[in-house]
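S.K.: Let me give you the structure first, and then I'll get to my questions.
The values are calculated or read from the model by the stated rules, or taken from the named source; none is laboratory data. Quantities reported herein were computed from a predicted structural model and do not represent experimental measurements. With ideal geometry, Cβ positions are generated from the backbone for all residues, glycine too; neighbour counts draw on all protein chains shown.
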Amino acid sequence: MFTRKFAFSAAAFVLASTMLVAQDQTVTITPADEAAAQQATIQLNAQRALTDAGSDASRSQLMQGQNRSQRRGEGRGPALFPADLSTQPNAPTLATTTLNNVFINQPPSAWGDPIGFLTDLNRSDLIHITDQYVGTHANNRYPQGTAFGVTITPGASFPPATNNVITVGQLIAISHAVGAAGGTGLGHVYNLFIPPGTDVCANGANTSCFSPDHPSSFAFCAFHSFINFSDIGIVLIAVLPDTGVPGCASQQPSPNGIVADSVDSTTSHELIETITDPLLNAWFVRNDLDLGGAEIGDVCQPGGNAQGQFLVPTFRVNGHPYAIQLEYSNAGHGCFSKPQDEE
């Protein structure tokens, strides 16, 4: 298990509510959050960026804290057609959960309209692709809960830049604070929106990052994770930067603009993977030479164009058009925007 210890300065963390909606809640980082973060363990799965660093990154770099990447190369060719997902007995999925949004340093509009998109996704055909994996066909299974506004000072930088990197240690401390305030376990997912112009790294060495300003470490677009705290238990998170940049963006032109559609595409990728593989031991590809370890969104991550934009389709989600990626369906043995019994 990927375990790290972190030292924190209390002055580096000031959390406050910044949204003016009824369900907002103010939280403050405490010494207990910092101490819990130093002892916590984290596992994650990241979405590969369309960059040289992303292409060069090993699967183990993108799937930190896991050993399932070792399955890559162990198969005898594709055992399923072309790369169906499989699970192991008793591995949990999220038949329902509450989505809590954590907006860091900016109001929600900095990322387009993530609240509107998540509302549409919850009511869409796209979300029902997960039915076959989670064992229910019920509607409106993933409602939104608490919105948190968070103000922090990034804790690291790539020289000679000023501090613009939110570290994994900071993410863990934030996750403890909002988890303690909003609830933990499989009944809650926290979407951590990283502000525009800010990098985020998945390891203490800052070698695997979302870092458009530092190409040599720019390996991923977003990731989902679970963090195990000794005091409050498991907190599920999705870390969602402003992906409207070369290497992570949706192809343009797009119906909602480069920032909104790009963030919405990575949001749906990470959220649907969290639903089908929350503890990184459920639905993913096994025994495939090329895709071993890939989750439902990874299998369907498209190629890119010369501008470093993902060649995603445009389709309607709850009646509204978005330029976002498809998701993998075992029922159809391919990538789709809705369940195959509705094709």
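S.K.: Which of the residues belonging to region 86-100 are assigned to a loop (DSSP other than H, G, I, E, B) and touching a residue at least 24 places away in the same chain (Cβ under 8 Å)?
M.R.: Result: T87, Q88, A91, P92, T93, L94, A95, T96, T97.
S.K.: To continue, here is another question. Take region 32-51 and flag every residue that is at pLDDT below 90 and surrounded by 19 or more Cβ atoms within 10 Å (Cβ to Cβ).
M.R.: D33, E34 - these are the residues of region 32-51 that are at pLDDT below 90 and surrounded by 19 or more Cβ atoms within 10 Å (Cβ to Cβ).
S.K.: Among the candidates G293, G244, single out the residue that is within 19 Å of V134 (Cα to Cα) and crowded, with 20+ Cβ neighbours inside 10 Å.
M.R.: G293
S.K.: Let me ask you something else. Would you confirm whether or not region 116-123 contains a residue that is surrounded by 18 or more Cβ atoms within 10 Å (Cβ to Cβ), under 16 Å from the mean Cα position of the chain (by Cα), in a loop (DSSP other than H, G, I, E, B) and not charged (D, E, K, R)?
M.R.: There is no residue in region 116-123 that is surrounded by 18 or more Cβ atoms within 10 Å (Cβ to Cβ), under 16 Å from the mean Cα position of the chain (by Cα), in a loop (DSSP other than H, G, I, E, B) and not charged (D, E, K, R).
S.K.: Go through region 178-208 and give me each residue that's modelled with pLDDT under 95 and surrounded by 24 or more Cβ atoms within 10 Å (Cβ to Cβ).
M.R.: Residues satisfying the conditions are C201, A202, S208.
S.K.: Of all residues in region 101-115, count the ones that are surrounded by 23 or more Cβ atoms within 10 Å (Cβ to Cβ) and either on the phi > 0 side of the Ramachandran plot or not in a helix (DSSP H, G or I) (or both).
M.R.: Of the residues in that region, 4 qualify.
S.K.: Also, quick follow-up: Tell me, please, whether a residue that is among the aromatic types (F, W, Y), surrounded by fewer than 22 Cβ atoms within 10 Å (Cβ to Cβ) and either outside any strand (DSSP E or B) or at pLDDT 95 or above (or both) can be found in region 267-283.
M.R.: Among the residues of region 267-283, not one is among the aromatic types (F, W, Y), surrounded by fewer than 22 Cβ atoms within 10 Å (Cβ to Cβ) and either outside any strand (DSSP E or B) or at pLDDT 95 or above (or both), which makes the answer no.
S.K.: Scan region 158-199 residue by residue and report those that are touching a Lys or Arg at 6+ places or on another chain (Cβ under 8 Å) and either assigned to a loop (DSSP other than H, G, I, E, B) or among the small types (G, A, S) (or both).
M.R.: G169
S.K.: Let me ask another. For region 209-224, enumerate the residues that are crowded, with 19+ Cβ neighbours inside 10 Å and either in a loop (DSSP other than H, G, I, E, B) or not aliphatic (A, V, I, L, M) (or both).
M.R.: C209, F210, S211, P212, H214, S217, F218, A219, F220, C221, F223, H224 - these are the residues of region 209-224 that are crowded, with 19+ Cβ neighbours inside 10 Å and either in a loop (DSSP other than H, G, I, E, B) or not aliphatic (A, V, I, L, M) (or both).
S.K.: While we're here: In region 304-343, how many residues are outside any strand (DSSP E or B), closer than 25 Å to D113 by Cα and of a type in the set (G, A, S)?
M.R.: 3
S.K.: When you scan region 249-260, do you find a residue that is surrounded by 24 or more Cβ atoms within 10 Å (Cβ to Cβ), among the β-branched types (V, I, T) and not in a strand (DSSP E or B), even just one?
M.R.: No, region 249-260 has no match at all.
S.K.: Okay, moving on. I'm trying to understand the selection: among the residues of region 99-132, which are of a type in the set (A, V, I, L, M, F, W, C) and within 11 Å of L271 (Cβ to Cβ)?
M.R.: L99, F117, L118, L121, L126, I127
S.K.: Looking at this structure, is L20 surrounded by 13 or more Cβ atoms within 10 Å (Cβ to Cβ) and either modelled with pLDDT of 90 or more or assigned to a loop (DSSP other than H, G, I, E, B) (or both)?
M.R.: no
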